[in-house]
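Worksheet: the structure to be examined is printed underneath.
The values are calculated or read from the model by the stated rules, or taken from the named source; none is laboratory data. Owing to the predicted nature of the structure, the values given are computational and were not obtained by experimental measurement. Here the Cβ positions follow ideal geometry from the backbone for every residue, glycine too, while neighbour counts run over all protein chains shown. Accessible surface areas use protein heavy atoms only, side chains included; no ligands, DNA or RNA. Shrake-Rupley method; radii C 1.70, N 1.55, O 1.52, S 1.80 Å.
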Amino acid sequence: MDTLSPIMLGFLGSLVAGSMTAVGAIPVLFGRIPSRATRDLSLGFAAGVMLAASFFSLIIPALDAAEMRYVNEAAPAAIVCVAILLGMGAVALMNEKLPHEHFSTGREGPKAASLRRVWLFIIAITIHNFPEGLAVGVGFGADGVSGGMPLAIGIGLQNAPEGLAVAVSLLGEGYSKVRAWGIAALTGMVEPIGGLLGAGIITISEPLLPWGLAFAAGAMLYVISHEIIPETHRSGHQNKATLGLAIGLVIMLFLDVWLG
Ligand SMILES: [Zn+2]
C-alpha cells in the first residue's frame, strides 16, 4: 500500500468509508428494519465515533502540525480555534442557504412537515459526509497509512448506522425500498470527493494542514450537536443513545491510538 500516492490512498480510503453508508442501509432492502431503540443506539455510536474522531484524529493532529510551524505559544491554539469555528459556521451556513422551499411550500399539513424534516436530516448527513471524506483524505495526505487508516475505519463504521437512519426515515415517508436504499447510498458518495480534495490540498500545501484538520473537525462537531444527537433523543431512547455514544467514543479513541 505504500506504493500508492497519498492522494490515491485518500481517495480510496474515503471511497471505502463512504460505501459503508450503502452497506449499513442494506437491511432496508430486505424489509428488515431494526427497532427504533437499536437504531438510536447505533446512531449514538456514530455520534461517539465522530466526537472522538474530531478530537483525537483531527484537533490534536491539527495542534501538533501548527506547533511545528509556529514558535509563538498562542498561535497554534488560536489557529485551531478559528478553524473549528469556521468549519462549524460553514455547515451552519449551508444548512441555512440550501433551498428547502420546495418542501415547505409544496404541500401543507403534518405530512409535509415530516417530509421536510426527513430531508433536512438527509441534507445534513450528506453535508457532513463531505468533511468526513476531507478528514480521511487529510489523514492519508498528512501522515500516509498510519494517519489515514484509523480515520477510514472509524468513519466507515459510523457511516453504517447513518446510512440505515437515512433509508429508514425515507421508508417511513413512503419511498420504495430500492429508492430509500439508493438515496442513502448516494449520501455516502460525497465522501470520496472530500477525500480527494483533502488529500490533494494537504499534499500541495502543507501550511494548510492545521487549518484543514480543524475545519473538518468543526464541521463534524456541528452535525453531531445539531442533527445526530437530537435525532437519537427524539423517541425516548436517551439512555441507549448515550450508551451508544460512549461505546463509539472509546472505540474510536482506541483505534486512533492503536493504529495512528
Ligand atoms: Zn458521520
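The figures follow:
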quantity	calculated
Answer residue from the stretch 58-77, given it is open to solvent by 10 Å² or more (accessible area, probe 1.4 Å) and not hydrophobic (A, V, I, L, M, F, W, C) and is nearest to the chain's Cα centre (by Cα) among those	Pro61
Residue check for Ala142: part of a helix (DSSP H, G or I), open to solvent by 40 Å² or more (accessible area, probe 1.4 Å) and without any contact (Cβ under 8 Å) to a residue 12 or more places away in the chain	no
Selected residue [open to solvent by 40 Å² or more (accessible area, probe 1.4 Å) and among the small types (Gly, Ala, Ser)] from Gly24, Gly10, Gly18, Gly31	Gly31
Candidates Ala199, Ala241 - the one that is touching a His at 6+ places or on another chain (Cβ under 7 Å) and touching a residue at least 24 places away in the same chain (Cβ under 8 Å)	Ala241
Cross-chain or 6+ apart pairs with Cβ under 6 Å, the stretch 58-83 first and within 21 Å of Met220 (Cβ to Cβ), then of a type in the set (D, E, K, R)	Pro76/Glu67
Among (1) more than 16 Å from the ligand (Cβ to nearest atom); (2) within 16 Å of the chain's Cα centre (by Cα); (3) among the hydroxyl-bearing types (Ser, Thr, Tyr), the one test that Thr187 misses	(1)
Matching helices (runs of 4 or more DSSP H) fully within the stretch 200-260 where at least 3 residues are within 16 Å of the ligand (Cβ to nearest atom) and more than 19 Å from Ser42 (Cα to Cα)	209-223
Met20 modelled with pLDDT of 85 or more and either within 15 Å of the ligand (Cβ to nearest atom) or closer than 26 Å to Ala184 by Cβ (or both)	yes
Any hit, the stretch 111-133, residues being modelled with pLDDT of 85 or more, within 16 Å of the ligand (Cβ to nearest atom) and open to solvent by 20 Å² or more (accessible area, probe 1.4 Å)	no
Residues that are within 15 Å of Gly163 (Cβ to Cβ), of a type in the set (Ser, Thr, Tyr) and within 17 Å of the chain's Cα centre (by Cα), drawn from the stretch 24-54	Ser42
Residue selected from the stretch 34-68 under the condition in contact with a helix residue (DSSP H, G or I) (Cβ under 7 Å, 6 or more places away or on another chain) and farther than 20 Å from Leu157 by Cβ, by the criterion nearest to the ligand (Cβ to nearest atom)	Ala62
Test result for Val178, modelled with pLDDT of 90 or more, of a type in the set (A, V, I, L, M) and more than 16 Å from the ligand (Cβ to nearest atom)	yes
